[in-house]
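Report on one structure; see the data block that follows.
The values are calculated or read from the model by the stated rules, or taken from the named source; none is laboratory data. From a predicted model like this one, the values you see are computed outputs, not experimental measurements. Heads up, the Cβs are rebuilt from the backbone with ideal geometry, glycines too, and the neighbour counts pull from every protein chain shown.
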């Protein structure tokens, strides 16, 4: 997800939640309200395409219990998207990695009077789409519904109960626990996943960002129902929530929706501030893995969401490695030397400093050479920065592609929830193209020169020839 939304330069990540919608609508023949909802989803994409350049008008307020609300009226189609986000990601796991993920996963596995099957049937037979997910910073529940009063009433009633009164039935807990354990074991069979896990653990050490949101084998086995209930009581509260609403409802209706969803939640308190990311400099980790390819992750602490260098680093990285095969890394590592089919770089800003990463996979006997070229390319970019042509092409690509990233209600609601969660100003979407356009080559050189150290980056290599 969902997710971290517009991570600076993370083109490969941005495409997943933001550009892949055209292939995920599932528009197979459907009857009744489910069919209407499916075609409405297609139509909303077309409707937003004509509005995206100007940016949607965003309104904001707080509910009676302190939840922040961001709202966009989209009257052309009879549907509404709602996303309720909590500061309840894996950074809040403390000593039980995976606790945030298992808690969030269980919200839609039974609530109130409905067990998992009854809950699923209740929404599916009305074409309501209920979703949930969690990352390092955040966790959320989302709902998409037609604005037909009967359907919307069921959607809101169901979501409110899911948020306030999840059942945490024993059979559901064990089912989700097993799913997460299977997912963990599967990820540990992938050298890329192993390399990324090792990188985060090495970079963040004892910081809450260090462990993977999916948890660890021991901790997943140790998490109890009482641990889950306690986590839910602490973090799924109104003061810790942001509500994003996009659809064919007016302001008064949006206010009613927001109060309906969080009005019965305990007021509670916002999650406490996270600690600063500890400085970590240099080091290499090599791990043997039965694979024909070595996976390389090299990088360092990057930037947080409100970093003053955000746009200079974002645009600069698009030239360095965020632009795919036409990027500097793509040219040096892949095109000139044939060392890797896939090589890229990205910043992943979070509430605290997220990582800056360069990633590649290569033949085992070429791993050392690929790593050396990646480091040399980064060092040269830090010293020289982008030339004028590279910079302008990067800005045109980013600005020109942005309307497609806010071309549907579901995408808009993701952006709104991100903006609310990270306390962005309401004009952030409108001002984004101008801020990208204003970035100069000197600003890129200055930001990379101060913030990124090619020699100090941590390198993790996982593959068959490591030992």
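Looking only at residues in the stretch 329-351 that are in contact (Cβ under 8 Å) with a residue 24 or more places away in the chain and closer than 15 Å to residue 295 by Cα, the one that is farthest from the chain's Cα centre (by Cα) is 339.
If you go through the stretch 244-271 and keep only what is over 11 Å from residue 66 (Cα atoms) and within 21 Å of the chain's Cα centre (by Cα), you end up with 244, 245, 246, 271. For the stretch 71-79, the condition holds for no residue, the condition being that it is assigned to a helix (DSSP H, G or I) and either in contact with a helix residue (DSSP H, G or I) (Cβ under 7 Å, 6 or more places away or on another chain) or outside the structural domain of residue 421 (by TED's automatic domain parsing) (or both).
Among the residues of the stretch 205-242, those that are touching a helix residue (DSSP H, G or I) at 6+ places or on another chain (Cβ under 8 Å) and assigned to a loop (DSSP other than H, G, I, E, B) comprise 208, 209, 210, 211, 212, 213, 214, 215, 216, 223, 236. Put simply, of 152, 119, 180, 184 the only residue that is touching a helix residue (DSSP H, G or I) at 6+ places or on another chain (Cβ under 8 Å), crowded, with 22+ Cβ neighbours inside 10 Å and part of a helix (DSSP H, G or I) is 119. Only residues that are under 14 Å from residue 452 (Cα atoms) and surrounded by 21 or more Cβ atoms within 10 Å (Cβ to Cβ) were counted in the stretch 304-320, giving 6. All told, residue 368 falls short of being within 22 Å of residue 458 (Cα to Cα), surrounded by fewer than 23 Cβ atoms within 10 Å (Cβ to Cβ), over 28 Å from the mean Cα position of the chain (by Cα) and touching a residue at least 12 places away in the same chain (Cβ under 8 Å).
Yes or no, residue by residue, for (1) buried (at least 20 other Cβ atoms within 10 Å of the Cβ); (2) farther than 30 Å from residue 294 by Cα; (3) without any contact (Cβ under 8 Å) to a residue 40 or more places away in the chain; (4) in contact with a strand residue (DSSP E or B) (Cβ under 9 Å, 6 or more places away or on another chain):
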| site | (1), (2), (3), (4) |
| --- | --- |
| 384 | no, no, no, no |
| 399 | no, yes, yes, no |
| 410 | yes, yes, no, yes |
| 445 | no, yes, no, no |
| 449 | no, no, no, no |
| 458 | yes, no, no, yes |
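Among what's in the stretch 170-196 and is touching a residue at least 12 places away in the same chain (Cβ under 8 Å) and over 21 Å from residue 105 (Cα atoms), pick the residue that is farthest from the chain's Cα centre (by Cα). Checking each candidate, the answer is 191. Is it the case that residue 144 is assigned by TED's automatic domain parsing to the domain that holds residue 247 and either free of Cβ contacts under 8 Å to residues at least 60 places away in the same chain or part of a strand (DSSP E or B) (or both)? Spelling it out, residue 144 is indeed assigned by TED's automatic domain parsing to the domain that holds residue 247 and either free of Cβ contacts under 8 Å to residues at least 60 places away in the same chain or part of a strand (DSSP E or B) (or both).
Matching residues to (1) assigned by TED's automatic domain parsing to the domain that holds residue 359; (2) at pLDDT 95 or above; (3) in contact with a strand residue (DSSP E or B) (Cβ under 9 Å, 6 or more places away or on another chain); (4) within 26 Å of residue 112 (Cα to Cα):
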{"site": "181", "(1), (2), (3), (4)": "no, yes, no, no"}
{"site": "198", "(1), (2), (3), (4)": "no, yes, yes, no"}
{"site": "224", "(1), (2), (3), (4)": "no, yes, no, yes"}
{"site": "244", "(1), (2), (3), (4)": "no, yes, yes, yes"}
{"site": "252", "(1), (2), (3), (4)": "no, yes, no, no"}
{"site": "257", "(1), (2), (3), (4)": "no, yes, yes, yes"}
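Could you give me the residue pairs with C-beta distances under 9 Å whose first residue belongs to the stretch 211-232 and is free of Cβ contacts under 8 Å to residues at least 60 places away in the same chain, whose second residue is in a helix (DSSP H, G or I) and exposed (fewer than 13 other Cβ atoms within 10 Å of the Cβ) wherever it lies, and which are 6+ apart or on separate chains? Between residues of the stretch 211-232 that are free of Cβ contacts under 8 Å to residues at least 60 places away in the same chain and residues that are in a helix (DSSP H, G or I) and exposed (fewer than 13 other Cβ atoms within 10 Å of the Cβ), the close pairs are 217/185; 225/170.
Rundown of residues vs (1) modelled with pLDDT of 90 or more; (2) touching a helix residue (DSSP H, G or I) at 6+ places or on another chain (Cβ under 6 Å); (3) within 30 Å of residue 173 (Cα to Cα); (4) crowded, with 22+ Cβ neighbours inside 10 Å, yes/no style:
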| site | (1), (2), (3), (4) |
| --- | --- |
| 12 | no, no, no, no |
| 24 | no, no, yes, no |
| 38 | no, no, no, no |
| 68 | yes, yes, no, no |
| 93 | yes, yes, yes, yes |
| 98 | yes, yes, yes, yes |
